[in-house]
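Each remark here refers to the structure printed beneath this line.
The values are calculated or read from the model by the stated rules, or taken from the named source; none is laboratory data. The shown structure was predicted, so the numbers you read here are calculated from the model rather than taken from an experiment. With ideal geometry, Cβ positions are generated from the backbone for all residues, glycine too; neighbour counts draw on all protein chains shown. Note: accessible area is taken over every heavy atom of the protein model, side chains too, but ligands, DNA and RNA are not part of it. Shrake-Rupley method; radii C 1.70, N 1.55, O 1.52, S 1.80 Å.
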Amino acid sequence: MATYKSVETRYLEDRRAFFRGLRNLDRRSFLKVSAAAMGAAAGLAAPHSFTPVSVARGAESPPGAAPQPAFRFAYISDSHLYERDVNDRFVRGLLRAVDDVNNLDPQPDFVFYGGDLAQLGQAKELELGAQILKNLKAPLRIMVGEHDWYLDMGQKWRELFGPPTYSFDHKGVHFVVLNSVVERDFWTARGMSPMERMRTVAGLDNGLQSPFTVGAAQRKWLQDDLARLPDDARIIVFSHSPLYKLYKPWNFWTDDADEVQAILKRFQRVVVIHGHTHQLLTNRIGNIHFHGVLSTAWPWPYAPEGMPEITIQMSRPDPFNPHDGCGDGEIHVHPDGLVDKVYSLWNRNPVTVSRAYMLSAGKESVPPLPNRPSY
Amino acid sequence: MRNAPLRCPASAAAGTICVLLGALAGCAQNAAPPGATGPNASERPPAITPVAATAEPSAAAPAAAGGETVAIGACDGGAAVEVPSSLTGQPLADSLMDQWQRDHPEANWVAEQQERHALIPPADNSDLLKGDQGKDHAYGNYTERDILTWARETEKFVAEGSRIFHSADELGSTVAVSCDMCHPHAANTHPETYPKYQTQLGRVALLRDMIDWCIENPVRGEHLDPNGAKMRALEAYIQSQRKGVALNYGKH
């Protein structure tokens, strides 16, 4: 007689089995391990073993193959964790998002974390975040944000999560993850300590810092990474900052966005998913569809100028509810590589910005308009 | 505590000594306002002038050179400074200012706030210097120094507000949260819409009521005295950031 096993028990058993098996695998067969087992594995301490480009690439299926079924992944972003005894509101935000995602049925193929896990880049903050994210049932893919980076220039983050720039293939879609928060050195000349540098970058309206860039090295890497793909490849890029120029004073901006867009231009359709802006934000520049995601910590106001026309803003948040305007969400990937983006707002009805809305340049499937727009 | 003086690091002292030096030699205050474009702004000496660079050779090593020195007491009550007795006019002012600034490394805090947080300069009043009626009118007889003083003092007030707005410690936050985390450049604070009815408070609120509410709630700090120095400075900064926006009380 089969004994009843809870989801958690099965998950933990799978995970144990997977890691038992792992010890005997070489790299090549490692790649063939089932997606379910990958999911289990993401919960353990060394997710960076999945992320290096060379490993992830092996799992690809040829982009020209027959149309794949649509799939979906979940996102969580911008949790800005302090240590729990400093501020537990932000910790509860991330815990809530992990619960949300774990309750999705069926489970998403993976969970994408959009950067700014920590508030001040401290080892304890990043470790706390890594520990909470271990509770995700689905595999984790993670990107770096400026709050994770500028205390020790990414040392702790890389130790926990591996290289910040990598690519992988999933069900016929090529995913690229960039570190788009590279700032020119503004700290040495000013004699700033690492913490002063971190606090300067952590202030959204702190004008002493430099604009974000992807930088020449990563642009070269991107060019090479995409070189082998045909023009009709399906490509999804993750970047922390929007890969376009929205509002420089808040670094809602990537200074070399034009160069990055030029690399993506030859492809028929590209989706860019970014964190950093903590709000409903959508843009389309030619073949490139840009989707901002929500924060679990707090919503940002809209930029006073430069807003993309296609964006349907969210109503101004209710200050009396600390979680209003926050949340997590899902990305549904269509066979052609374009996406529906779902904002699962914690205090409001979910909002979907659909592929049809984007393709019709904002004419069809229009999401509900805000009644309290930004001013 | 009513009418408590603002807690500006070294600012009160800076103000005093600068008035003294200004009277002495027309020296500019250390934090030259970015918006100060008085007719002869360009003629003013640079704000921070290293003694050795501009003064007579004797000023570079006053006492060691064996020359006569005089001790000048600073009106901030600090230690007297020694300068060569041969110095007069601008070189003397520069020497005093330089020594004073070395003893007061935070003296540039206003300029730093302005640079860091893109503070908006107050209105330019230089038009008041035009028109002949002012010359024989006791109240309207402004000089350029008046105009600069107003601008500097107002900017300093606003800079103090910016400093508090951007500092979880100054706000007394128990959760390490400051206003700028949700209101960069004071966005979404809408000072021009007050007074207005706040549904959740169930009454008509003034800007300061909403500031206080945000301090007690998202920021988890202590209620502020509505007439206290911090509240006054916060109001000043928030209003300064909405310069040019039409008043529209009651708007939601």
Taking r as the C-beta separation of B:Lys135 and A:Met192 and R0 as 56 Å, the FRET efficiency to the nearest 0.05 is 0.65
Within the range A:306-320: backbone nitrogen closer than 17 Å to the A:Ser365 label point (7 Å, Cα to C-beta): A:310-312
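Let me know the mean shielding of B:180-193 by other chains, meaning the per-residue number of their Cβ atoms within 10 Å of its Cβ.
5
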Amide H contacts under 5 Å for A:His174, restricted to residues at least 5 apart in sequence or on another chain and with H modeled in the peptide plane, are A:Arg234, A:Ile235, A:Ile236
Could you work out the mean count of beta carbons from other protein chains within 10 Å of each residue's beta carbon in B:172-178? 4
Would you list, by chain and number, the lysines whose Cα falls below 20 Å from the Cα of A:Lys220, excluding same-chain residues fewer than 8 positions away? A:Lys265
Residue-wise HN-Hα coupling along the range A:341-350, computed from phi with Karplus coefficients 6.51, -1.76, 1.60 (Hz; x: Gly, Pro): 10, 10, 8, 8, 6, 6, 10, 9, 5, x
Under a straight-distance cross-link criterion of Cα-Cα below 24 Å, which lysines are reachable from B:Lys251, leaving out those fewer than 8 residues away in the same chain? B:Lys196, B:Lys243
Using the Karplus curve 6.51 cos²θ - 1.76 cosθ + 1.60 with θ = phi - 60°, work out ³J(HN,Hα) for each residue of the range B:223-236 in order, rounded to whole Hz, and write x for Gly and Pro. 3, 9, 4, x, 9, x, 4, 5, 4, 4, 5, 4, 4, 4
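Quickly rank B:197-204, B:132-139, A:282-289 as a protection proxy: mean count of other C-beta atoms within 10 Å, highest first.
Numbers: B:197-204: 11.5, B:132-139: 8.4, A:282-289: 18.5.
Taking the mean over residues of other Cβ atoms within 10 Å, the ranking is A:282-289, B:197-204, B:132-139.
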Modelling each spin label as a point 7 Å along the Cα-to-Cβ direction, I'd like the A:Asp336/B:Asp209 distance in nm, to one decimal. 5.3
Distance in nm between pseudo-label sites at B:Ile72 and B:Thr154 (7 Å out along the Cβ direction from Cα): 3.1
Would you work out which of B:Ala151, B:Ala168, B:Met210 lies farthest towards the positive end of the dipole of the range B:119-252? Charges go on Cβ: Lys and Arg +1, Asp and Glu -1. B:Met210
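Using a probe radius of 1.4 Å on protein heavy atoms only, what is the accessible area buried between chains B and A, both sides summed, to the nearest 100 Å²? Before the final figure, lay out each step's value.
Details: alone 14250 and 16300 Å², together 28200 Å².
Buried area between the two chains comes out at roughly 2300 Å².
Mind checking the mean number of beta-carbon atoms from other chains within 10 Å of the Cβ atoms in A:297-305?
Values: counts 3, 4, 2, 6, 8, 2, 2, 2, 0.
Mean shielding count: 3.
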So what are the ³J(HN,Hα) numbers for the range B:191-203, from phi and the Karplus equation (6.51, -1.76, 1.60; θ = phi - 60°), rounded to whole Hz, Gly and Pro as x? x, 6, 9, 9, x, 8, 6, 9, 3, 5, 8, x, 7
So how exposed is A:Asp99, as accessible area in Å² (1.4 Å probe, rounded to 10)? 90
Note to self: with every protein chain in place and a 1.4 Å probe, the range A:202-349 gives an accessible area per residue in Å² of 30
Cut-off under 5 Å, modelled amide H: who pairs with A:Leu140 long-range: A:Ala42, A:Val111
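Ignoring ligands, DNA and RNA, what percent of the accessible area of the range B:108-252 is carbon or sulfur (1.4 Å)?
Working: 3760 of 7340 Å².
Carbon plus sulfur share of accessible area: 51 percent.
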Please give the length that would be gained between A:Glu309 and A:Arg92 if that part of the chain were fully extended, namely 0.36 nm times their separation in residues minus their C-alpha to C-alpha distance (nm, one decimal). 74.7 nm
Heavy atoms of B:Val245: accessible area, 1.4 Å probe, square angstrom to 10: 70
Can you work out the FRET efficiency for the pair A:Glu127 and B:Thr174, with r the C-beta to C-beta distance and R0 = 22 Å, to the nearest 0.05? 0.45
For A:Leu81, which sequence-distant residues (separation of 5 or more, or a different chain) have an amide H within less than 5 Å of its own amide H, given hydrogens modelled in the peptide plane? A:Ala118, A:Gln119
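Rounded to the nearest 0.05, what FRET efficiency do B:Arg145 and B:Glu112 have when you use their Cβ-Cβ distance and R0 = 25 Å? Display every interim value, and only then the final one.
Values: r = 24 Å, r/R0 = 0.97.
Efficiency computed from Cβ-Cβ geometry: 0.55.
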